[in-house]
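The values are calculated or read from the model by the stated rules, or taken from the named source; none is laboratory data. From a predicted model like this one, the values you see are computed outputs, not experimental measurements. Glycine also receives a Cβ, built like all others from the backbone with ideal geometry; neighbour counts cover every protein chain displayed.
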């Protein structure tokens, strides 16, 4: 079966969220999220759509290539050894992956003009963890899905995400078979044992 660039981006994005919340492997998450962000950013540049990297660059007085350089320095370290076989890198943190995953989620949503429900859940989880529940209507909604998340430890924030996707709220669309791109088979598998996985 042939796939499009957006298909490839979607599958990598969903895998990255699964890895981030259930296997907590920053190197793999970072690579996948960076791939998604790069693909979607280029598609958005071609179509004239809203680009998160452009917003970040403008906010700092940079060019987009500077943002790409910051992201790709770690990404290239993990891919290449021809020019710098003895190089070392400060290990990538969970928070750095969270931030890049948020960018990838927004980029994908903008490029595809839709997204799997779990992408929206990730954005809400980020808002509840980093902003709390009172800064805006969206963060208030996020706080309703993940109450008290901003005050929790990182490990408890991860467990809250797992609890939500394993046992979503009544009427939640995460497991609605009618929802295109729901990717529900992964969550069905993770329900079986995912809560027992390590959190750091």
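General remarks:
- Against the test of being over 15 Å from residue 16 (Cβ atoms), within 20 Å of the chain's Cα centre (by Cα) and either part of a helix (DSSP H, G or I) or assigned by TED's automatic domain parsing to the domain that holds residue 31 (or both), the options 58, 91, 82 yield a single qualifying residue, 91.
- Filtered residues of the stretch 67-90 (kept if surrounded by fewer than 14 Cβ atoms within 10 Å (Cβ to Cβ) and over 16 Å from residue 32 (Cα atoms)): 69, 81, 82, 83, 84, 85, 86, 87, 88, 89, 90
- Filtering 42, 46, 53 for residues that are touching a helix residue (DSSP H, G or I) at 6+ places or on another chain (Cβ under 7 Å) and either closer than 16 Å to residue 109 by Cβ or surrounded by fewer than 13 Cβ atoms within 10 Å (Cβ to Cβ) (or both) leaves a single hit, 53.
- Residue satisfying all of: in the stretch 94-122; over 17 Å from residue 32 (Cβ atoms) and in a helix (DSSP H, G or I); modelled with the lowest pLDDT among these: 117
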